[in-house]
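Some notes on the structure that comes next.
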Amino acid sequence: MTGAQPIGIFDSGIGGLTIAHVINKMLPQEHLIYFGDTAHLPYGEKSSDAIKYYSIKISKFLIEQQCKMVVIACNTASAAAYETLLDFYDGKIIFVNVVDPLVDKVIQNGYERIGLIGTKATVNSQVYKNKIKSKVQKAQVEQLATPLLVPMIEEGYYKGQVSELIIKEYLDRPEFKNIEVMLLACTHYPLIKDYIIQFFDGNVEVMDSMDVTALEVQRILNEQNILNHKRQYANKFYVSDYTEGFDETAQMFYGKHIDLVTNSIW
């Protein structure tokens, strides 16, 4: 691996652009190649085997682009496919998931009463709960699948009364009454983070995986001595299926206009 090689990032769709945005901001010299599998979104409703297959195929594409690292910018794919990718590619490339950095941050901050919202696949995998309790046995992890939030956000209904009502319906539950921290286990959810903070009146810390994942990427690249010091190429953004609505959604997640290129690797 060399520093000049790009960083690959993939997600089930557009949501992983929140991770790509922070990595680009933190490491502006790095060349990013993003792949959003919009042909198969949402992964949260897919089987574990399907998610593993998609993740292997996308990783193959990113490896063929000479990427030095692949960031799994999707909680669902991180939960279902991370270990499979490590085994399948057996050291050929560095993989970073969005689960472990957030778990490590929770442990580091000493939280023991933990809430979590995510897709059905992420919650059903129990990956966050198992990883946290393997390090802090007395930790209490209350999880809830929140499937309405992803389509709500992607359709642009993440501001105003509609989002507030749905968020309240999900979070106003007895199991979340005494938590110290709420984990946003989906890369879409940072867009509604402020509403979640408001719901808890600032009494609960709300954490997502964006900054901690970018810091983990930086740490590994520095440790492996493969940081890029001068970007030579523009970032590239691929999707496996394209509609005009994806352009607007992509800008919403990335923070500025980007050109999406259709590349059906299937």
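Within region 67-100, which residues are closer than 17 Å to Pro6 by Cα and either hydrophobic (A, V, I, L, M, F, W, C) or in contact with a Cys (Cβ under 8 Å, 6 or more places away or on another chain) (or both)?
Answer for region 67-100, where residues must be closer than 17 Å to Pro6 by Cα and either hydrophobic (A, V, I, L, M, F, W, C) or in contact with a Cys (Cβ under 8 Å, 6 or more places away or on another chain) (or both): Cys67, Met69, Val70, Val71, Ile72, Ala73, Ile93, Ile94, Phe95, Val96.
Do we find that Lys135 is among the basic types (Lys, Arg), surrounded by fewer than 15 Cβ atoms within 10 Å (Cβ to Cβ) and at pLDDT 95 or above in this structure?
Values: among the basic types (Lys, Arg): yes; surrounded by fewer than 15 Cβ atoms within 10 Å (Cβ to Cβ): yes; at pLDDT 95 or above: yes.
Judged against the criteria, Lys135 is a match.
List every residue pair whose Cβ atoms lie under 8 Å apart, where the two residues are 6 or more positions apart in sequence or sit on different chains, the first residue falls within region 19-34 and is modelled with pLDDT of 95 or more, and the second residue, located anywhere, is hydroxyl-bearing (Ser, Thr, Tyr) and buried (at least 22 other Cβ atoms within 10 Å of the Cβ).
Ile19/Thr187; Ile19/Ser209; Ile19/Thr213; Ala20/Tyr34; Val22/Thr213; Ile23/Thr213; Ile33/Tyr238; Tyr34/Tyr238
Identify the residue in region 56-104 that is among the polar types (S, T, N, Q) and within 19 Å of the chain's Cα centre (by Cα) and, among all such residues, is surrounded by the most Cβ atoms within 10 Å (Cβ to Cβ). Can you show your working first?
Let us first name the residues in region 56-104 that are among the polar types (S, T, N, Q), namely 59, 65-66, 75-76, 78, 84, 97.
This time we only want the ones that are within 19 Å of the chain's Cα centre (by Cα), so: 59, 75-76, 78, 84, 97.
On the way: Ser59: 25, Asn75: 36, Thr76: 33, Ser78: 30, Thr84: 18, Asn97: 25.
So, considering only residues that are among the polar types (S, T, N, Q) and within 19 Å of the chain's Cα centre (by Cα), the one surrounded by the most Cβ atoms within 10 Å (Cβ to Cβ) is Asn75.
Only one of these conditions is not met by Ser163: (1) more than 20 Å from Thr76 (Cα to Cα); (2) assigned to a loop (DSSP other than H, G, I, E, B); (3) of a type in the set (S, T, N, Q). Which number is it?
(2)
In region 181-201, is there at least one residue being among the charged types (D, E, K, R), assigned by TED's automatic domain parsing to the domain that holds Leu41 and in a loop (DSSP other than H, G, I, E, B)?
Narrowing region 181-201 to residues among the charged types (D, E, K, R): 193-194, 201.
Add one more test, that the residue is assigned by TED's automatic domain parsing to the domain that holds Leu41, and what stays is none.
Within region 181-201, not a single residue is among the charged types (D, E, K, R), assigned by TED's automatic domain parsing to the domain that holds Leu41 and in a loop (DSSP other than H, G, I, E, B).
For region 77-99, give me the residue count where each residue is without any contact (Cβ under 8 Å) to a residue 12 or more places away in the chain and out of contact with any strand residue (DSSP E or B) (no Cβ under 7 Å at 6 or more places or on another chain). First the steps, then the outcome.
So the first thing to find is which residues in region 77-99 are without any contact (Cβ under 8 Å) to a residue 12 or more places away in the chain, and the list is 83, 86-87, 90-91.
Checking which are out of contact with any strand residue (DSSP E or B) (no Cβ under 7 Å at 6 or more places or on another chain) leaves us with 83, 87, 90-91.
The qualifying residues number 4.
Answer yes if at least one residue in region 223-232 is surrounded by fewer than 20 Cβ atoms within 10 Å (Cβ to Cβ), farther than 26 Å from Leu144 by Cβ, of a type in the set (Lys, Arg) and within 22 Å of the chain's Cα centre (by Cα), and no otherwise. Before you say what the answer is, go through the steps one by one.
In the first step, residues of region 223-232 are kept if they are surrounded by fewer than 20 Cβ atoms within 10 Å (Cβ to Cβ); the result is 223-232.
Narrowing the set further to residues that are farther than 26 Å from Leu144 by Cβ leaves 223-232.
Next, only the ones that are of a type in the set (Lys, Arg) stay: 230-231.
Checking the rest, the ones that are also within 22 Å of the chain's Cα centre (by Cα) come to none.
Among the residues of region 223-232, not one is surrounded by fewer than 20 Cβ atoms within 10 Å (Cβ to Cβ), farther than 26 Å from Leu144 by Cβ, of a type in the set (Lys, Arg) and within 22 Å of the chain's Cα centre (by Cα), which makes the answer no.
Taking only pairs six or more apart or across chains, which ones have beta-carbon atoms under 7 Å, a first residue in region 59-72 that is part of a helix (DSSP H, G or I), and a second residue that is of a type outside the set (Val, Ile, Thr)?
Ser59/Leu85; Ser59/Tyr89; Phe61/Phe35; Leu62/Gly8; Leu62/Phe10; Leu62/Phe35; Ile63/Lys92
Of the residues in region 130-141, how many are touching a residue at least 12 places away in the same chain (Cβ under 8 Å) and farther than 14 Å from Asp100 by Cβ? Walk me through it before giving the result.
Keep residues of region 130-141 that are touching a residue at least 12 places away in the same chain (Cβ under 8 Å), which gives 131-132, 135-136, 138-141.
From what's left, farther than 14 Å from Asp100 by Cβ: 136, 138-141.
Of the residues in that region, 5 qualify.
The values are calculated or read from the model by the stated rules, or taken from the named source; none is laboratory data. Since the model is a prediction, treat every value here as computed from it, not as a measurement. Cβ coordinates were reconstructed from backbone atoms using ideal geometry, including for glycine residues, and neighbour counts include every protein chain displayed.
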